C-alpha cells in the first residue's frame, strides 16, 4: 500500500453572508480518490470567508452563528481604517481570523470520519455572492 | 522508510465546562506508533466541544479562558433561535466556531514537537459531562 | 514517486503586538524541499502568539485586526486570575485561543497554493519582542 497525495479544486458559488454545506461535494471527492485510510485537508483560498465544521441537523444553529458574528464584528466604518472595499470587507477579514482557513478530517474505511452531527461548511462573510475555491487535498492509501 | 497512515480513537469523559488535558494520552499513541518523523492530526468528532493547544503551567490560565468565553458567549435564550437543547447548547456551538475542531502537531525524534509550555486540551462547552471522541491520525515514518 | 516527510525550524524575531509576514520564508523552504505535490503544515510552538492567513495587500487590514483584538480582549488585571506574567499575558493566551496554532497549505506545482490575496503571518500577542519558532512540516512527493 503506497501513500499518495491528490488534489481537487472545488468551486462554490455563494449568495451572501451565510454558511454553505459542502459535505456531499467533499465526500464525493474522497470516494473518487479510492483512499481507504488517510487525511482530507481542506484549504480555502480566500481571506474574507471561512471553513468550519458545525452541527448539521438544525438550520437555526447556522442562523444563530451568523447573528452572533454579525453582532460581535459590527459593520461600522468608523471603527476601521480599511474601508475602501465596503463596510462588510474589514468585518469579513476579522470573522475569518476568528474562524478557520483550513480544516482536517481523517478518512477511515473510505469515508470522512465525521461525527454524526458534523457537517462541513463554507462561511461566506461578504454581503454579495462570490465564487469561492476550496482545495481538497487527500493523502493516504 | 515507508510513510504510513494510522488511526486511534481516544475516548475522553468530561465533567462539564472546562479544559481537559489529553497530552499524555496523545503522546502514548505517538510512542506506540513508532513514528520517528511525521504529523499527528487530532480530529474532534463533535460540534459543541473544541480542541485547543494552550499553556500547561498555570491552571489559572485555563480558568480565565473559561471565564472569558462564558462572558463573550452568554447563555441567554432570548438571543438564540436554537434553544430546545438547553441554554448552553447554542453557546457551545458558537464557542466551537471560535476555537478548533482539528489540530496538527509535528512528530520529531519520535515525540510530539510541542513547545515547552504547550499542552493539548479538549475544551468541553456543555454543562453536563459527556464522552468525547478524538480521532488521532498519524502519518509519517 | 515516494512520499516523504521533512521538517525545518523557522525562527522569527518579533517586536511587540503585530502581524509578521512569513510567506517568503515558508515559500523558500517549500522550494528547497523539491516537493511538487504535497502539504505544508505550520506549527507555532507557543501559546501567546498565533499563526494566521490573511489579506496581503493593504497594511490597514493588519492594523484593524490588531485594534479589534485589543478591544475584544482588554488588558485589565481585574478580569484575570493569571496576572503575574504581566497585564498582556492572559490576553495573549485568549487571543491565541481565538486564532490558530497550526495551519495547512497545500503545495501544487512545487509552490504553496495560496490564493492571490493570502499571506501567512505570525501574530505576536505579547507587548515585548520575542523569538518565535515555527516548525515547517512538509509531506508529499
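Values in this text are rule-based calculations from the coordinates and carry no lab data. Because the structure is predicted, anything quoted here is derived from the model rather than measured. Every residue, glycine among them, receives a Cβ derived from its backbone with ideal geometry; neighbour counts consider all protein chains shown.
Side notes on the structure shown:
- Residue under evaluation residue A:90, criteria (1) within 14 Å of chain B (Cβ to nearest Cβ); (2) in a helix (DSSP H, G or I); (3) buried (at least 24 other Cβ atoms within 10 Å of the Cβ), criterion not met: (1)
- Residue check: residue A:82 meets all listed conditions (1) within 12 Å of chain B (Cβ to nearest Cβ); (2) more than 28 Å from residue A:138 (Cβ to Cβ) but one, namely (1).
- Scanning region B:20-37 finds one or more residues that are under 16 Å from the mean Cα position of the chain (by Cα), more than 11 Å from chain A (Cβ to nearest Cβ) and part of a strand (DSSP E or B).
- Taken over region B:54-78, residues that are surrounded by 17 or more Cβ atoms within 10 Å (Cβ to Cβ) and within 14 Å of chain A (Cβ to nearest Cβ) amount to 4.
- Qualifying residues in region C:99-113 (those that are facing chain A (nearest Cβ under 8 Å) and crowded, with 20+ Cβ neighbours inside 10 Å) - the one farthest from residue A:103 (Cα to Cα): C:113
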